[in-house]
Amino acid sequence: MDVIQAIKDRRSINFFEPGKEISDGKLNELFEIANLSPSSFNLQPWRVVIVREAQRKKILRKCAFDQPKVEDASIVLIIIADPGAVEKNADRMLDSWQKLGYIKPEMRETYKGMIGNLYGAEDSLKRKFFAVKNTSLFAMNIMLAAKGLGLETHPMDGFDEECIKKEFNIPADKIIPMLIAVGNLKSGITLLPRAFRRSVGEFVSFEAY
Ligand SMILES: Cc1cc2nc3c(=O)[nH]c(=O)nc-3n(C[C@H](O)[C@H](O)[C@H](O)COP(=O)(O)O)c2cc1C
C-alpha cells in the first residue's frame, strides 16, 4: 500500500475481531518499520510494551477506563516516552554519525553540548517535551505501518497512567503518551463515514501566524 493511501485509509477502529493473533514475525516487521521514524538528533526515546495475554489485557482494560477494545484487539501497545534517552543513546548515536562520516571526531563534543542545551536536564519539562514529541511520531508510524501490513489500529489516551505504570512495571520517570490497540476489524462491522475535519485554510497560513 502506498503511503498516501495508508494515510487516507487509516481509521481509529472501535470494534476489533476478538481472538485474532498477530505473529511474532509480523510484529517484528511492524517495529522494524516504525523504528525508522525520525527523532531529534536520532535519539529514539521510545519504548513499547506489547500486551497480548488475555489476563494482562484485562488488567490494562481496567486501567483504560474499561474500554472494550483493549480486550478485543489482538494486542495493545503501551507507548512509552523515555526522557532519559539522551543519556542512554547520545554516545551510540554520535559513534554512528562519526563512523559513517556525518561528523568529524573533533565535532563530537560540540554536538554533545548542543544536545545538552536543547533538551535540558533529565527531569526538566523540556526533556519531557522532547521525549513525547519524538515518541508520538514513532506512534504515528506504527499506525501507518500497521495499515500497510493489513492491520487496523486505535490510539487511546483514555487511561490512568499511574495504574498502567504500577501494573506493567514501568518506571516513574517514563511518560505514556498513548496506547495503541492493534488487530482486525470485527466482521460484519461497517465503519461510519470519517468525522469532521477542519478546512485547510483554517489551520494553514503563509509566512506568519
Ligand atoms: C493521542 C490520541 C488519543 C486518543 N484517545 C482515544 C481514546 O482513549 N478512546 C477513543 O475511543 N478514541 C481515542 N482517540 C481516537 C480519536 O477519537 C480519533 O483519532 C479521532 O476521532 C479521529 O478519527 P480517526 O482516527 O478515525 O480519523 C485518540 C486519538 C489520539 C490521536
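Each value in this text was obtained by applying a stated rule to the coordinates, not by laboratory testing. A quick note: this is a predicted structure, and the numbers were derived from the prediction, not measured. Cβ placement follows ideal geometry from the backbone for every residue including glycine, while neighbour counts extend to all protein chains displayed.
Figure legend: label point modelled 7 angstrom from the Cα of R194 along Cα→Cβ; residues of region 126-147 with amide N under 17 Å from it are 140-141, 143-147.
Pairs of Cα atoms nearer than 8 Å and 6+ residues apart set the relative contact order; for the chain it is 35 percent. Given +1 at the Cβ of Lys and Arg, -1 at the Cβ of Asp and Glu and no other charges, the dipole of region 66-159 around its Cα centre is 480 debye to the nearest 20. Is the shape of the chain rounded, prolate or oblate, going by the alpha carbon gyration tensor and its root eigenvalues a ≥ b ≥ c, with a/c under 1.5 for rounded and a/b larger than b/c for prolate? It is prolate, given that a/c is not under 1.5 and a/b is the larger ratio. Among the trypsin sites (Lys or Arg not before Pro) in region 152-208, those located in a DSSP loop and surrounded by at most 12 other Cβ atoms within 10 Å of their own Cβ are R194, R197, R198. Against the chain, whose longest principal axis comes from its Cα atoms, helix 125-148 is set at around 50 degrees.
Mind pulling the angle between the C-alpha long axis of helix 85-100 and the longest principal axis of the chain? Nearest 10 degrees, somewhere in 0 to 90. Result, in degrees: 70. Taking the DSSP bridge list for the chain and keeping only pairs wholly inside it, about 95 percent are antiparallel. Axis angle, to the nearest 10 degrees, between helix 54-63 and the longest C-alpha principal axis of the chain: 70 degrees. By the count of other C-beta atoms within 10 Å, a proxy for reagent exposure, R108, R127 are ordered fewest to most as R108, R127. Residues L36, L77, L151, ranked from the fewest to the most other C-beta atoms within 10 Å, line up as L36, L151, L77. Rounded to the nearest 20, the size of the Cβ-charge dipole of the chain about its Cα centre is 260 debye, with Lys and Arg at +1 and Asp and Glu at -1. Would region 142-207 count as rounded, prolate or oblate if I go by the C-alpha gyration tensor, calling it rounded below 1.5 in a/c and otherwise prolate when a/b exceeds b/c, oblate otherwise? Judged from the Cα gyration tensor, region 142-207 comes out oblate (a/c at least 1.5, b/c at or above a/b).
Over the Cα atoms of region 42-129, the radius of gyration divided by the Kirkwood radius equals 1.19; this is the Rg/Rh ratio. Step through the table entries K57/K128; K20/K128; K26/K166; K26/K58, compare each Cα-Cα distance with 25 Å, and write down the pairs that go over it. Violating the 25 Å limit, Cα to Cα: K57/K128; K20/K128; K26/K166.
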